[in-house]
Amino acid sequence: MVEFNSAGDGGPTKRVQEYTSEDWFYTINSCLTSSYMCIRFAVPEMLKAGGGAIVNISSTAGRRGLPFRIGYCSAKAGQVGMTYGLALELSPLNIRVNAIAPGAVEGDRIDRVIAGQAEVRGVAVEDMRRSFVERAPLKRMTTAEDIATLAVYLCSDAAKNLSGQCIAVTAGEPAV
């Protein structure tokens, strides 16, 4: 049995002094609490099945931060901590828990992040996009397919000895 937690919203791009309590709780709940709730109710079913694999989608933002995205970074760091703790707790029960930490992923969501970062920093969207691509040694963004391929592997028997890992998919950008 497998569980894949990819729900969540990036939350707003704002300076910390403008980030409201509502912004905070919305982002933490959509990115972290939602994963916890899914896991909480999936584990009993995994126990009945004799084991399983859980994959949480975190973010490199949860490992190294990103300005003006305090709620998102905090939630994604929380997912990494939850992954590590649950891997230790659930491994004796034959349940593996891992996380994937993507960098910039092509699509509408990163377009919104880039636009928000450009606005807050007062730079052109094209310049901000270029900076996201240029910081990756492979000079490209990650794709949804890159993440899906790793998720399928982590849920397969080929990854039977992987648990408690947070694997970055970043087109070569180091994830601290």
Criterion (out of contact with any Lys or Arg (no Cβ under 8 Å at 6 or more places or on another chain) and more than 26 Å from PRO137 (Cα to Cα)) met by exactly one of ALA87, ALA75: ALA75
Residue match in the stretch 150-162 (condition: surrounded by fewer than 19 Cβ atoms within 10 Å (Cβ to Cβ), over 17 Å from the mean Cα position of the chain (by Cα) and more than 30 Å from ARG40 (Cα to Cα)): no
Residue match in the stretch 65-85 (condition: small (Gly, Ala, Ser), in contact with a Phe, Trp or Tyr (Cβ under 8 Å, 6 or more places away or on another chain) and surrounded by 23 or more Cβ atoms within 10 Å (Cβ to Cβ)): yes
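Is it fair to say ARG96 is in contact (Cβ under 8 Å) with a residue 40 or more places away in the chain, basic (Lys, Arg) and surrounded by 15 or more Cβ atoms within 10 Å (Cβ to Cβ)? Outline the logic, then answer.
On the way: in contact (Cβ under 8 Å) with a residue 40 or more places away in the chain: yes; basic (Lys, Arg): yes; surrounded by 15 or more Cβ atoms within 10 Å (Cβ to Cβ): yes.
Spelling it out, ARG96 is indeed in contact (Cβ under 8 Å) with a residue 40 or more places away in the chain, basic (Lys, Arg) and surrounded by 15 or more Cβ atoms within 10 Å (Cβ to Cβ).
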From ALA151, ALA75, ALA99, ALA87, residue being closer than 23 Å to ASN29 by Cα, touching a Leu at 6+ places or on another chain (Cβ under 7 Å), modelled with pLDDT of 95 or more and among the small types (Gly, Ala, Ser): ALA75
The stretch 1-51, subset on the phi > 0 side of the Ramachandran plot and modelled with pLDDT of 95 or more, residue surrounded by the most Cβ atoms within 10 Å (Cβ to Cβ): GLY51
Pairs with Cβ under 7 Å, 6+ apart, first in the stretch 129-157 and on the phi < 0 side of the Ramachandran plot, second in a helix (DSSP H, G or I) and of a type in the set (Val, Ile, Thr): ARG129/ILE114; PHE132/ILE114; ARG140/VAL133; MET141/ILE110; MET141/VAL133
Pick from the stretch 3-37, criterion touching a residue at least 60 places away in the same chain (Cβ under 8 Å) and in contact with a Gly (Cβ under 6 Å, 6 or more places away or on another chain), ranking: farthest from ILE147 (Cα to Cα): THR13
Odd one out for TYR26, checked against (1) more than 13 Å from the chain's Cα centre (by Cα); (2) within 25 Å of GLY172 (Cβ to Cβ); (3) among the aromatic types (Phe, Trp, Tyr): (2)
The stretch 47-75: number of residues that are farther than 25 Å from ASN94 by Cα and touching a Ser or Thr at 6+ places or on another chain (Cβ under 7 Å): 6
Helices (runs of 4 or more DSSP H) enclosed by the stretch 1-75 - at least 1 residues per element that are out of contact with any strand residue (DSSP E or B) (no Cβ under 7 Å at 6 or more places or on another chain) and within 27 Å of ARG135 (Cβ to Cβ): 21-28, 61-64
Residues of the stretch 101-115 satisfying the condition of being touching a helix residue (DSSP H, G or I) at 6+ places or on another chain (Cβ under 9 Å) and either assigned to a helix (DSSP H, G or I) or more than 19 Å from ARG69 (Cβ to Cβ) (or both): ILE110, ASP111, VAL113, ILE114, ALA115
Qualifying residue in the stretch 168-176 (condition: β-branched (Val, Ile, Thr), exposed (fewer than 13 other Cβ atoms within 10 Å of the Cβ) and at pLDDT 95 or above): no
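The values are calculated or read from the model by the stated rules, or taken from the named source; none is laboratory data. In this text the structure is predicted, and so the values were computed from the model without any measurement. Note that each Cβ is placed from the backbone with ideal geometry, even for glycine, and that neighbours are counted across all protein chains shown.
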